[in-house]
1. Any chance segment 154-164 includes a residue that's surrounded by 17 or more Cβ atoms within 10 Å (Cβ to Cβ), basic (K, R) and touching a strand residue (DSSP E or B) at 6+ places or on another chain (Cβ under 9 Å)?
2. Being touching a Phe, Trp or Tyr at 6+ places or on another chain (Cβ under 6 Å) and closer than 28 Å to A53 by Cα narrows it down to one of R128, R87, so name that one.
3. Could you run through segment 198-234 and say how many residues are under 21 Å from A164 (Cβ atoms), assigned to a loop (DSSP other than H, G, I, E, B) and of a type outside the set (K, R)?
4. Of everything in segment 266-276 that's exposed (fewer than 15 other Cβ atoms within 10 Å of the Cβ) and in contact with a strand residue (DSSP E or B) (Cβ under 8 Å, 6 or more places away or on another chain), which residue is modelled with the highest pLDDT?
5. Would you be able to say whether some residue in segment 132-142 is at pLDDT below 90, of a type outside the set (V, I, T) and farther than 21 Å from Q287 by Cα?
6. Of all residues in segment 49-100 being part of a strand (DSSP E or B) and among the aromatic types (F, W, Y), which is surrounded by the most Cβ atoms within 10 Å (Cβ to Cβ)?
7. Is it the case that some residue within segment 104-125 is of a type in the set (K, R) and crowded, with 17+ Cβ neighbours inside 10 Å?
8. Quick check on F176: is it modelled with pLDDT of 90 or more and not in a loop (DSSP other than H, G, I, E, B)?
Amino acid sequence: MKLSRSIHRKLRIKNSLITCLLISLLAGLAWFSTQFNAQWDITVNAVNTLSPATQNVLNSLHSPVKISAYIKRDPSLRAQIAQLVARYTDYKPDLTLSFIDPDSNPNQARELNIASTGTLFVDYQDRRERINYLDESTLTNALTQLAYGNDRWISVLTGHGERAIDGRANFDWGQFGQELTKRNIKAHALNLVEMPAIPDNAQLLILASPTVKLLPGEINIIKQFLDQGGHFLWLYDPDSAGQPELESYLGITRLPGTVMDTQALLYGVNDASFVLIGRYPPHPLTQNFQLMTLFPQSAAL
């Protein structure tokens, strides 16, 4: 079949239009690539993606954040820091990072008490936090302190044989209380018989392994606190006193006995009541948590 001159002309026009369309499409994609940034994290457990908790903290920071890293001229270490901070900058563009060589200004390094391994300062508005070790957890904790600004309070119940937040016995929480203080978190003992209410500024209520049952009135105060959106941390040992009414309210069923784990014996732990956990299921509380945990004498729920 012979193609006429008019058919040739139509084919040329059609091919020209297709070529122009493809060029326009490529030009449009090129322009969009300069205007918008998109990325996907395909790593296991999304290790290159900021956790939801970190994103919430960044959303609460409405002013620029400046990170000053007093780090020696170590390209590898500086690259690791820059890579982590870049994940924050992608989410909050006005978060900036600058490197300062402490060796070039020894007087300032002594004045700021820069650690031999380096120190980072995080500045937000008129407040500053100091970091000597950098990972997502420590940086997010520092940003959290800067976001809230004021001291935060934790109420720890007492009067039922609980572990004391300011105690020094090996079963008490004295060291943990000191760590909270370093992070501007103030923990105070609360006896609901002496003060039958949970303070309004308490952001967390802790019940640490009571050895006797709480009174019905105390249970009602805790329920009211939870109904109003309060946060509650209940630590349970196998020999802790049961709190049936509170368990029922929270939908918890306590099983008798102690959790046993013969796997721990393979790692030199000569007590099967010590449970060794090397891996956690996906959960915001343990996201990016890479350390093994040993739980002695765990209660079963």
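1. yes
2. So the residue among R128, R87 that is touching a Phe, Trp or Tyr at 6+ places or on another chain (Cβ under 6 Å) and closer than 28 Å to A53 by Cα is R128.
3. 9
4. D271
5. Looking through segment 132-142, at least one residue is at pLDDT below 90, of a type outside the set (V, I, T) and farther than 21 Å from Q287 by Cα.
6. Y70
7. Looking for residues that are of a type in the set (K, R) and crowded, with 17+ Cβ neighbours inside 10 Å, one finds none in segment 104-125, hence no.
8. no
The values are calculated or read from the model by the stated rules, or taken from the named source; none is laboratory data. Predicted model, so just to flag it, every value in this text is computed and none were measured. Counting neighbours? That spans all protein chains shown, and the Cβs are built from the backbone with ideal geometry, glycine included.
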